[in-house]
Amino acid sequence: ITPFEKARIAEAQSKAALKTYCEGHGWHFAFFEGKTGAPRTGIIDAIVFRLGKKDSDILDLRVIQLKGGNAGISAREIGRLKKAAENATVDWLIVEYDGETLQFLPDDPA
């Protein structure tokens, strides 16, 4: 088995484990990956999110870097991930489908 294949296997196992955990603990998830399924560049590999347990108007969101196999964690990676979380932007959007077209309020996010 090549190092590349070993890394892909570890990545797939990490994704599967995170998915299983989220499904069992009330989290929703999204992975950031390219069209081929390969991870995208950048420190954030996934996000998990859920509505607040006591207030369903509160969003609990986590940015995640996935690790698998024998991959270590560096202080630099932790710093980058913390910075990514601090710099995350959140805004609101109402989307309505009128039977033909999606309508966006306040504006189209594209």
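Structure summary
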item	result
Among residues of region 56-75, those that are more than 12 Å from the chain's Cα centre (by Cα), surrounded by 10 or more Cβ atoms within 10 Å (Cβ to Cβ) and in a loop (DSSP other than H, G, I, E, B), counted	6
From the options Ile47, Ile58, residue that is among the β-branched types (Val, Ile, Thr) and under 27 Å from Ile9 (Cβ atoms)	Ile47
Filter result for the condition that a residue is under 15 Å from Ile64 (Cα atoms) and aliphatic (A, V, I, L, M), over Ala38, Ala16	Ala16
Unmet criterion (only one of (1) assigned to a helix (DSSP H, G or I); (2) at pLDDT 95 or above) for Phe4	(2)
Region 8-50, residues that are of a type in the set (D, E, K, R) and either open to solvent by 80 Å² or more (accessible area, probe 1.4 Å) or part of a strand (DSSP E or B) (or both)	Arg8, Lys19, Glu23, Glu33, Lys35, Arg40, Arg50
Only one of Lys82, Lys53 that is open to solvent by 70 Å² or more (accessible area, probe 1.4 Å), more than 18 Å from Phe31 (Cβ to Cβ) and out of contact with any Gly (no Cβ under 9 Å at 6 or more places or on another chain)	Lys82
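The values are calculated or read from the model by the stated rules, or taken from the named source; none is laboratory data. All values derive from a computational prediction rather than experimental measurement. Cβ: placed from backbone, ideal geometry, glycine included. Neighbour counts: every protein chain shown. Just so you know, the surface numbers come from the protein's heavy atoms only, side chains and all, with ligands and any DNA or RNA stripped out. Shrake-Rupley method; radii C 1.70, N 1.55, O 1.52, S 1.80 Å.
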